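This report refers to the structure that appears directly beneath it.
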Amino acid sequence: MTNFEVRTIPFDRSNVSSWSRLDQRHSNWPVVYMLHDRTQIYVGETLNAEARLKQHLEAIGRSDLDEAHVIIDESFNKSVCLDLESHLIRLFSGDGQFIVLNRNVGITDADYFHRHEYQSRFDEVFEDLKSKGLFSRSVPEIQNSDLFKYSPFKALSADQALAVEEIVEALFEDLDAGRRSMSVIQGEPGTGKTVIGIFMLKLLCDIANHRNEEPIDEDALFSGLFASRFTALAASLRIGLVIPQQSLRESVQQVFKRTPGLSDRGVRVMSAFEVGDSSEEFDVLVVDEAHRLGQRANQPSGVLNQKFSTINNRLFGDDDPSHTQLDWIVAKSHHQILLLDAEQSVRPADLPLALTSQIIKSSKAEGRWHPLQSQMRLRASENFVSYVRHAIAGTQQTREVFADYDLRMFDDVNEMYQELETRENEFGLCRMVAGYAWPWKSRKDPGYFDIEIGGLQFRWNGTTKDWVNSPNAFREVGSIHTIQGYDLNFAGVIIGPDLVFDPETSRIKIDRDNYFDSKGKENNKVLGITYSDEDLLRYITNIYGVLLTRGIRGTYVHVCDPELRRHLEKFF
């Protein structure tokens, strides 16, 4: 392959015209280009750089950019340029130095002849652009960031793309007909439910902001959704994203602030309480981790108990304890898109299983159920999640080997921590996580160590906000409430003494006395529900199912109960 060049010119009509005469490839060759000023950047690909740059000079929002960089290579073709364009858009979005002005409909992940050889050179292109000041961080640092992981600039899998297309097309039909609707996207950990939710919101904003004079690549995914009749329907949409977990909610809020379309249209990322409290009525609410919405139960504070009652009275004229936070969302919006996986419900106060099961059943009957199968997170086969869930539930019968995934059991937690530290130095974003099997003493007294195991001492997560990226995270242990919804490169999972194995019955059981999440085992006095050990077993095994599916590259496991360790060694 030939060497590439990055040619830089001031972005104005005079310089573009004179530059175009210097080389015939400036007007007749597949290239990738970037336009930027100090804060914004646009990435594109074209067969005619001269014409395309002049077109941008006439476009609102592009003409104020002041510098152009054009990547030229004798070996480039259209497929390579589409791939490099998508690659750079994702990296610019994750780097955070520039606000990316692109739509997200043109991100591709298509195969082509000698793709691997071309992609091996993309790192060279990146380093050249970084030397010119266009990137502030390395590729691994970018890929480990929340800005990258929760960016709307993603190439969708086939089942993700199908779900987006069907939901958005049905939404426009419902809007046109004045019908209300509820759609469900169901998938295991790693199938990209959060990615789809963010992608759809950005897509709706891009459709709403689209001007008819702007060209649309007819080959681009979802190009048909930019028809004028859809633009008119989307123009006045009031949309929002609901995320029950505080930590994940705040991470996604930062992404939205830096994403044109989402930020300039004021798309809010909210808790269910904020939705219920809002004076605004919404057309569309996307609900991430919908299984984590709450039913009426004792809240973490008296203020929230009162707020639950106040919202019920305001919305329904009564404080019937059967009202859930999902009822609030339905009352405050015309269309709901629920992203859920009932096996990630981790507390009794979450939506009851009977309700989520009924929602799924109804959505299937109405043709509004969209299952996700492709594993987007883990470098393991698609049955890894179900394998882990069956193993931790005691229902797995045979051992499976995942050749490209580092799944290991450690008898010695010191060895696990040392191995995890090696991976941290190699890849970054490696964390210890555990079930809630130790009290959180350090919350009130930072001098305490919460977890003392195998001669090691750890504190629980020092922050509930974006713990994964906090400075001391590697020396702490994260709980389910700080890790659910996040990706890691490697996870070191401590299965605590809250889960044990009874050799007499050959069953996995809980030790209620060693489970210290008070809200995780609290009976529901409001609804008159007492939770049995079998009820808690479902929540605790769900917790470990989540913890064991965080690691992209691998998962290391240490089990405290000796009998359970012997049992699980058959599978890990």
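The values are calculated or read from the model by the stated rules, or taken from the named source; none is laboratory data. As the structure is a prediction and not an experimental result, all values here were calculated from the model. No Cβ is skipped: glycine too gets one built from the backbone with ideal geometry, and neighbour counts run over all protein chains shown.
Of everything in region 282-301, what is acidic (D, E) and over 18 Å from P348 (Cβ atoms)? Give them in sequence order. Result: D283, D288.
Count, please, the residues in region 222-251 that happen to be within 22 Å of the chain's Cα centre (by Cα) and either of a type in the set (S, T, Y) or closer than 14 Å to N102 by Cα (or both). Of the residues in that region, 2 qualify. For residues in region 289-304 being under 27 Å from the mean Cα position of the chain (by Cα) and part of a loop (DSSP other than H, G, I, E, B), which is surrounded by the fewest Cβ atoms within 10 Å (Cβ to Cβ)? In this case the residue turns out to be P300. Taking region 1-46 as the range and being within 20 Å of R103 (Cβ to Cβ), free of Cβ contacts under 8 Å to residues at least 40 places away in the same chain and surrounded by fewer than 19 Cβ atoms within 10 Å (Cβ to Cβ) as the test, only D37 passes.
Results for (1) free of Cβ contacts under 8 Å to residues at least 40 places away in the same chain; (2) under 19 Å from the mean Cα position of the chain (by Cα); (3) farther than 23 Å from R377 by Cα, shown as yes or no for each residue.
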position	(1), (2), (3)
A110	yes, no, no
D128	no, no, yes
K149	no, yes, no
P152	no, yes, no
A161	no, yes, no
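Return yes or no: is G447 in a loop (DSSP other than H, G, I, E, B) and within 20 Å of D146 (Cβ to Cβ)? For G447, the condition - in a loop (DSSP other than H, G, I, E, B) and within 20 Å of D146 (Cβ to Cβ) - is not met. Within the option set S309, S381, S322, being of a type in the set (S, T, N, Q) and in contact with a helix residue (DSSP H, G or I) (Cβ under 9 Å, 6 or more places away or on another chain) holds for one residue only, S381.
Results for (1) under 21 Å from A380 (Cβ atoms); (2) free of Cβ contacts under 8 Å to residues at least 60 places away in the same chain; (3) in contact with a Ser or Thr (Cβ under 9 Å, 6 or more places away or on another chain), shown as yes or no for each residue.
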site: I508; (1), (2), (3): no, no, yes
site: R512; (1), (2), (3): no, yes, no
site: Y515; (1), (2), (3): no, no, no
site: S518; (1), (2), (3): no, yes, no
site: T530; (1), (2), (3): no, yes, no
site: T541; (1), (2), (3): yes, no, no
site: I552; (1), (2), (3): yes, no, no
site: H558; (1), (2), (3): yes, no, no
site: R565; (1), (2), (3): no, no, no
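Just checking, does region 360-368 include any residue being of a type in the set (A, V, I, L, M, F, W, C) and either modelled with pLDDT under 95 or not assigned by TED's automatic domain parsing to the domain that holds H481 (or both)? Within region 360-368, one or more residues are of a type in the set (A, V, I, L, M, F, W, C) and either modelled with pLDDT under 95 or not assigned by TED's automatic domain parsing to the domain that holds H481 (or both). The set of residues from region 171-209 being farther than 25 Å from S263 by Cα, small (G, A, S) and out of contact with any strand residue (DSSP E or B) (no Cβ under 7 Å at 6 or more places or on another chain) comprises A177, G178, G190.
When region 362-410 is filtered for residues that are in contact (Cβ under 8 Å) with a residue 40 or more places away in the chain, closer than 16 Å to F571 by Cβ and of a type in the set (S, T, Y), the ones remaining, listed by number, are S386, Y387, Y405. When region 191-236 is examined, which residues are found to be over 20 Å from S86 (Cα atoms) and charged (D, E, K, R)? Within region 191-236, K193, R211, E213, R229 meet the criteria. Among the residues of region 439-463, those that are small (G, A, S) and either modelled with pLDDT of 95 or more or surrounded by 14 or more Cβ atoms within 10 Å (Cβ to Cβ) (or both) comprise S442, G454, G462. Within region 148-163, can you find the residues that are buried (at least 18 other Cβ atoms within 10 Å of the Cβ), assigned to a helix (DSSP H, G or I) and aliphatic (A, V, I, L, M)? Within region 148-163, just A163 meets the criteria. Within region 397-418, can one find any residue that is of a type in the set (V, I, T), at pLDDT below 95 and over 20 Å from P497 (Cβ atoms)? Yes, region 397-418 contains at least one residue that is of a type in the set (V, I, T), at pLDDT below 95 and over 20 Å from P497 (Cβ atoms). For region 490-544, the tally of residues that are of a type in the set (S, T, N, Q) and either closer than 26 Å to Y405 by Cα or touching a Leu at 6+ places or on another chain (Cβ under 8 Å) (or both) stands at 2. Selection of helices (runs of 4 or more DSSP H) fully inside region 1-95 by the criterion of at least 3 residues being over 28 Å from L147 (Cα atoms) and in contact with a helix residue (DSSP H, G or I) (Cβ under 6 Å, 6 or more places away or on another chain) returns 13-20, 49-58.
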